[in-house]
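K.L.:
Submitted below is the structure of interest, expressed as structure tokens.
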Amino acid sequence: MIKAAGVDEVTDADFAAEVLGSERPVLVEFTADWCGPCRQLAPVLSSIAAEEGERLRIVQLDVDRNPGTALTYNVLSMPTLMVFRGGEPVKSMVGARPKRRLLEELADVL
């Protein structure tokens, strides 16, 4: 998996506790080693995690090693970015994007 600095990894086993049970909104990047756009997105997620860590938690889930969660949320393309608040998905975006655009798209959930 393309690891973004400052971004935790979650698995099928701990997804409910780490994401669904979180007090603050969580942005989940559904990713895979073979995903080129995921490589482009890694520094963007690292930067946002450093800047918005108080308001938003960012985690990554490797879909090849954790297919159950990806199936549960009908994730078919990588990267898929999904925001969870209060245990429910509230926003979903597919594909890499620049930091400014991603922050604009996240403004309504922060």
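K.L.:
For the chain, with all protein chains present and a 1.4 Å probe, just round the carbon and sulfur fraction of the accessible area to a whole percent.
P.N.:
So the carbon and sulfur contribution to the accessible surface is 51 percent.
K.L.:
At what distance in nm do the modelled label points of ALA50 and THR72 sit from each other, each positioned 7 Å from its Cα along Cα→Cβ?
P.N.:
Each label point is offset 7 Å from its Cα along the Cβ direction, giving 3.2 nm.
K.L.:
Going through the stretch 8-110, which GluC sites (Glu not before Pro) have at most 15 other Cβ atoms within 10 Å and a DSSP loop state? Display every interim value, and only then the final one.
P.N.:
Numbers: sites: GLU9, GLU18, GLU23, GLU29, GLU51, GLU52, GLU54, GLU104, GLU105; in loops: GLU23, GLU54.
Answer by residue number: GLU23, GLU54.
K.L.:
Rounded to the nearest 20 debye, what is the charge dipole size of the chain about its Cα centre when +1 sits on each Lys and Arg Cβ and -1 on each Asp and Glu Cβ? Write down the numbers at each step before the final one.
P.N.:
On the way: 12 positive and 17 negative charges, 81 e Å.
The calculation lands at about 380 debye.
K.L.:
Enter the accessible area of SER92 (Å², nearest 10), with the probe set to 1.4 Å and all protein chains included.
P.N.:
Answer for SER92: close to 70 Å² accessible.
K.L.:
Kindly provide the chymotrypsin sites (Phe, Trp or Tyr not before Pro) of the stretch 2-108 that DSSP labels as loop, not H, G, I, E or B, and whose Cβ sees at most 14 other Cβ atoms within 10 Å. Spell out each step's value before the answer.
P.N.:
Numbers: sites: PHE15, PHE30, TRP34, TYR73, PHE84; in loops: TRP34, TYR73.
Hits after loop and neighbour filter: TRP34.
K.L.:
Please turn the phi angles of the stretch 53-69 into ³J(HN,Hα) values with the Karplus equation 6.51 cos²θ - 1.76 cosθ + 1.60 (θ = phi - 60°), one per residue in order, whole Hz, x for glycine and proline.
P.N.:
x, 6, 9, 9, 9, 10, 9, 10, 10, 7, 6, 6, 8, 9, x, x, 5
K.L.:
In Å², and per residue, what accessible area does the chain have when probed at 1.4 Å with the other protein chains present? Could you put the intermediate results ahead of the total?
P.N.:
Details: 5420 Å² over 110 residues.
I get 49 Å² per residue for the chain.
K.L.:
Moving on to the next point. How much of the DSSP beta bridge set in the stretch 15-110 is antiparallel, as a percent to the nearest 5?
P.N.:
Numbers: 11 of 17 bridges.
Of those bridges, close to 65 percent are antiparallel.
K.L.:
Heads up, I need the accessible area for LEU103: 1.4 angstrom probe, whole protein in place, Å², nearest 10.
P.N.:
Probe radius 1.4 Å; accessible area of LEU103 about 50 Å².
K.L.:
Next question. Sort the chain into rounded, prolate or oblate with this rule: let a ≥ b ≥ c be the square roots of the eigenvalues of the Cα gyration tensor; rounded if a/c is under 1.5, and if a/c is not under 1.5, prolate when a/b is larger than b/c, oblate otherwise.
P.N.:
Details: a/c = 1.42, a/b = 1.06, b/c = 1.34.
Cα axes put the chain in the rounded bin.
K.L.:
Under the Karplus relation 6.51 cos²θ - 1.76 cosθ + 1.60, θ = phi - 60°, what is the ordered set of whole-Hz ³J(HN,Hα) values for the stretch 86-103, x standing for Gly and Pro?
P.N.:
Coupling constants for the stretch 86-103: x, x, 10, x, 10, 7, 9, 9, 10, x, 6, 8, x, 4, 4, 5, 4, 4 Hz.
K.L.:
Relative to the present Cα-Cα distance, how much length would full extension add between GLU104 and SER92 at 0.36 nm per residue of separation? Each step should come with its number before you reach the end.
P.N.:
On the way: separation 12, 0.36 × 12 = 4.32 nm, distance 1.37 nm.
Working it through step by step, the gained length comes to 3.0 nm.
K.L.:
If you don't mind, there's one more thing I want to ask. Please report how far the C-alpha centroid of the stretch 1-61 lies from that of the stretch 86-107, rounded to the nearest whole angstrom.
P.N.:
12 Å
K.L.:
Rounded, prolate or oblate: which fits the stretch 70-110, taking a ≥ b ≥ c as square roots of the Cα gyration tensor eigenvalues, rounded meaning a/c under 1.5, else prolate when a/b beats b/c? Could you put the intermediate results ahead of the total?
P.N.:
Working: a/c = 3.79, a/b = 1.21, b/c = 3.14.
Oblate, since a/c reaches 1.5 and b/c is not below a/b.
The values are calculated or read from the model by the stated rules, or taken from the named source; none is laboratory data. Computed from a predicted model, the values in this text were never measured in an experiment. In this analysis, Cβ positions are derived from the backbone assuming ideal geometry, glycine residues included, and neighbour counts consider all displayed protein chains. These area figures cover heavy atoms from the full protein model, side chains too; ligands, DNA and RNA do not enter into them. Shrake-Rupley method; radii C 1.70, N 1.55, O 1.52, S 1.80 Å.
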